[in-house]
Amino acid sequence: MSRVFNFSAGPAVLPEPVLEQAAREMLDWHGSGMSVMEMSHRGKEFISIHADAESDLRELLAIPANYKVLFLQGGAAAQFAMIPLNLLRGKTSADYVNTGQWSKKAIGDAKKYCKVNVAASSEASSYTCVPKQSEWKLHPDAAYVHVTTNETIGGVEFHWTPDTGSVPLVADASSHILSRPIDVARYGLIYAGAQKNIGPAGLTIVIVRDDLIGEAAATTPSVFDYKIQADNDSMYNTPPTYGIYVAGLVFQWLKKLGGLKKMEEINIAKSSLVYDYLDQSEFYRSPVAKEDRSRMNIPFTLKSDSLDSAFLKEAEARGLTQLKGHRSVGGMRASVYNAMPMEGVQALVEFMREFEKKHG
Ligand SMILES: *Cc1c(COP(=O)(O)O)cnc(C)c1O
């Protein structure tokens, strides 16, 4: 067996010990004689898997007791509609900060349900920074303020928490959740698709303050109503059981590693290795403002895009895969999520150095 260093933006690399454990438990989970995939979601075995996953996530993120944790389906993109459906609560507008392709999609869906005020945008600078809070135009009547705290495509990350006063702050944290501690109490709602930093695609996590739920629009489908899902422990319909199980293994892996403070230190070390190399090179370039660079998704360009295909081909031959940048940005993108080992990042930088020597 040989495994590559997989720099995919998502679905993405998972911790090897997690995959090994899932493989060992595939046919017979803890003496149950069943795979987790074969279990009733209402049976005692799966209920314990679900409860452990929730309590481990609560511990990792220090989620206050007045927040619900929901394990849903539909991806982060389903939340683009669920958020206005559930959180408008009779109001007619919401504020959105536009920092990239994912914010833009969230805005597009919200417009179907309410008036969207774009409180700030970095579109004019091709989404290479986070607009400073002093430039934001927030509306006190907004139902909530939506931000994308890590833009997976542009590689732009909030390294600070916006202050929205009494208006609930809503964050799409899909591609950096669990990469560092966050102060959950500063947010009304945090959501994330699992396939970047948590587990397999098909699971979406929503962390929501309990006073914000229970006033969904009358047209909200039941499976998309936070209150109905919360009252049913995310089991109003069949939850993504196997995804919850693997996410639970990832939470245990993170706890064993030393929690999110430790994970953050490792992520700073890994991403700095790449950024420091990019910054001293005249051959490679990072398009993102230094203070807003993502620790998870690192886009970069080569001196000439005519070298892109040679770079990708030679990288692939070394087992460094999925480095092609998003078509809207071009160049390369190295996604270095929690599960990417330091050795993978070192191998990437070593390859970049050699490629530069050869073609620079
Ligand atoms: C990947 C991603 C999404 C979309 O997730 P789906 O699971 O495909 O719906 C939304 N927001 C961000 C920030 C993402 O990285």
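Structure summary
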| read-out | value |
| --- | --- |
| Residues whose placed amide H lies under 5 Å from that of V118, excluding near-sequence neighbours | Y96 |
| For the chain, calculated [θ]222 nm from helices alone, where every DSSP H run of n ≥ 4 adds -39500 (n - 2.57) | -11000 deg cm²/dmol |
| Karplus (6.51, -1.76, 1.60) ³J(HN,Hα), θ = phi - 60°, over segment 66-73, in Hz, Gly and Pro reported as x | 8, 10, 8, 10, 10, 10, 10, 10 |
| For q = 0.15, 0.17, 0.22 Å⁻¹, Debye-computed log10 I/I(0) when each Cα of segment 286-327 counts as one equal scatterer | -0.43, -0.55, -0.83 |
| Relative contact order [Cα under 8 Å, 6+ residues apart], segment 259-359, whole percent | 28 |
| Packing rank of 335-342, 26-33, where each peptide gets the mean count of other beta carbons within 10 Å, highest leading | 335-342, 26-33 |
| Euclidean distance between Cα centres, segment 323-360 to segment 197-262, Å | 32 |
| Unit charges on C-beta of K, R, D, E only; dipole of segment 239-321, Debye | 440 |
| Contour excess over end-to-end distance, with Cα ends at R353 and S166 and 0.36 nm allotted per residue | 62.4 nm |
| Most to least packed among 301-310, 247-256 [average Cβ atoms within 10 Å] | 247-256, 301-310 |
| FRET efficiency, 1/(1 + (r/R0)^6) with R0 35 Å, evaluated for A51 and E264 via beta carbons | 0.85 |
| Amide hydrogen neighbours beyond the local backbone of A334, cut-off 5 Å, H modeled | I298, F300 |
| Stretchable slack from D28 to K111, in nm (0.36 nm times residue separation minus alpha-carbon distance) | 25.2 nm |
| Under Karplus coefficients 6.51, -1.76 and 1.60, residue-wise ³J(HN,Hα) of segment 199-211 in Hz, glycine/proline x | x, x, 4, x, 10, 10, 9, 10, 10, 9, 5, 5, 6 |
| Distance from segment 109-162 to segment 1-63 (C-alpha centre basis), Å | 34 |
| As computed over the chain, the Cα convex hull volume per residue (Å³) | 132 |
| Derived scalar couplings ³J(HN,Hα) [segment 167-176; Karplus, 6.51 cos²θ - 1.76 cosθ + 1.60; whole Hz; x for Gly, Pro] | 7, x, 8, 10, 10, 8, 10, 3, 9, 9 |
| Fewest-first sequence of M296, M1, M263 by Cβ atoms within 10 Å of each Cβ | M1, M263, M296 |
| Debye, to nearest 20: dipole size of segment 154-275, +1 on Lys, Arg Cβ, -1 on Asp, Glu Cβ | 600 |
| Which of D279, D56 has the fewest Cβ neighbours within 10 Å, and the rest in rising order | D279, D56 |
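Here, each number is a calculation from the coordinates, and none is a lab measurement. Only a predicted model underlies this, so the values are computations on that prediction, with no experimental measurement involved. In this analysis, Cβ positions are derived from the backbone assuming ideal geometry, glycine residues included, and neighbour counts consider all displayed protein chains.
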